[in-house]
Amino acid sequence: MNIIVMKYGGTSVASIEKLKNIVNIVSKEVKKNKVIVVLSAMAGETNKLQSYLDHFISQNSIESDLVLTSGEQVTIGLLSLALKNNEIKSIPLLGWQIPIITDDNHEKAKILHIDNKRIHKYFENNDVIVLAGFQGITLDGKITSLGRGGSDTTAVAIASSVEAERCDIYTDVDGVFTTDPNIDENAKKISKMSYEEMLEMASTGAKVLHTRSVELAMKNNLTLQVLSSLTNETGTFIVDEKELIEKEIVSG
Ligand code: ADP
Ligand code: ASP
Ligand code: MG
């Protein structure tokens, strides 16, 4: 049984129409594989939750993480319903239900361990697991979040844990570009790049991927593809440097 991990960011889950579009993508994949779909909250939702917290002294607290992680509960519930309405066997799960164990650094928690036994158990009766991104739980039962943009890291961590066949990061642009395509109209799409190149880009402020997700992918040698949820185009592959060098030698 092959497992595919697909992560959808905020703009890709921002409306019921967009959720239905994800059902279309998933329905093709479940013919061949089991699928873990990792979701963000709807675009703007986590900012809205943060603005409520801004009325209090709340930083890095049990409460701030409880509030900040709530947007993902809505999207996984809705997508799982949409899948079931289309005869696809699906189960929605929050971070603690896996569980995804983290340290207790609220608002910037690090994943320590993922127990994947339940994932395999749920796949006995389901074809899709819809998992909330961005959240985890401490060993003593406190909800944590992984830092803004952290759903990418949830996707990479779960993909590494179950040794997924692929980890596709769906977003609102066609891949990783030389510069932000929403700012620079001359930006060029990169077809393949190394983890190191992606990390270098992130360090100069391009926050197309959560930095920790790239570090984790590099550590586990997991190939990532960044692609658009709205076009059918191949995205950008982020791979081991050795693979890139070998390709260059062959094509040269
Ligand atoms: P998501 O909500 O899907 O996680 P993000 O907003 O975190 O999406 O990341 C995608 C955004 O990253 C794009 O809309 C784009 O504006 C921005 N971005 C910044 N630099 C780059 C780059 N070099 N290549 C592609 N996108 C970039
Ligand atoms: N919803 C969270 C955020 O907006 C996590 C994510 O989207 O990756 O930061
Ligand atoms: Mg993001």
Rounded to the nearest 0.05, FRET efficiency between Asp54 and Asn182 (Cβ-Cβ, R0 25 Å) equals 0.45
What three numbers, in Å, describe the spread of the alpha carbons of the chain along their principal axes, ordered from the longest? 55, 43, 34
Expressed as a percent, the accessible surface of the chain that is carbon or sulfur, using a 1.4 Å probe and the full set of protein chains, is 51
Order Phe56, Phe123 by their accessible area, 1.4 angstrom probe, all chains in place, largest first. Phe56, Phe123
Ordered by residue, what ³J(HN,Hα) values in Hz, to whole numbers, does segment 176-182 give under the Karplus form 6.51 cos²θ - 1.76 cosθ + 1.60, where θ = phi - 60° and Gly and Pro are x? 8, 10, 4, 9, 4, x, 7
Can you quote the Å³ per residue value for the convex hull of the Cα atoms in segment 122-252, rounded to an integer? 148
I'd like to know how segment 8-116 sits against the 2.2 N^0.38 Å rule of thumb: what's its Cα Rg over that expected value? 1.19
Sorted by mean Cβ packing within 10 Å, highest first, what order do the peptides 181-187, 147-153 take? 147-153, 181-187
Which order do peptides 208-214, 159-165 fall in by mean Cβ count within 10 Å, highest first? 208-214, 159-165
Got a sec? Charge dipole of segment 146-252, +1 on Cβ for Lys and Arg, -1 for Asp and Glu; which of Thr204, Val156, Asn186 is way out at the positive end? Val156
Whole-number accessible area per residue in Å² for segment 187-251, which is evaluated in the context of all protein chains at 1.4 Å: 59
Where does the charge balance sit around Asp174 when Lys and Arg score +1, Asp and Glu -1, over other residues with C-beta under 12 Å from its C-beta? 0
Sum of side-chain charges, Asp140 neighbourhood, beta-carbon under 14 Å (Lys, Arg +1; Asp, Glu -1): -2
Quick one: of Lys207/Lys242; Lys110/Lys142; Lys117/Lys207; Lys32/Lys110; Lys84/Lys121, which pairs are farther than 22 Å apart, Cα to Cα? Lys207/Lys242; Lys117/Lys207; Lys32/Lys110
Cα-based equivalent ellipsoid, segment 177-230: semi-axes from gyration tensor eigenvalues, Å: 20, 13, 10
Which value, in Å² rounded to 10, gives the accessible area of Glu17 with a 1.4 Å probe and all protein chains present? 130
Semi-axes in Å, largest first, for segment 43-104 (Cα gyration tensor, √(5λ)) are 28, 16, 6
In Å², nearest 10: area of His55 left accessible to a 1.4 Å probe: 150
In the neighborhood of Asn125, defined by Cβ-to-Cβ distances under 13 Å, what is the net charge if each Lys or Arg adds +1 and each Asp or Glu adds -1? +3
Sorted largest first, the Cα spans of segment 83-159 on the principal axes come out in Å as 40, 23, 19
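The values are calculated or read from the model by the stated rules, or taken from the named source; none is laboratory data. These numbers were taken from a predicted model, which means no experiment stands behind them. Neighbour counts are summed over all protein chains in view; Cβ atoms, including those assigned to glycine, are modelled from backbone coordinates with ideal geometry. With ligands, DNA and RNA removed, areas are computed over all heavy atoms of the protein, side chains included. Shrake-Rupley method; radii C 1.70, N 1.55, O 1.52, S 1.80 Å.
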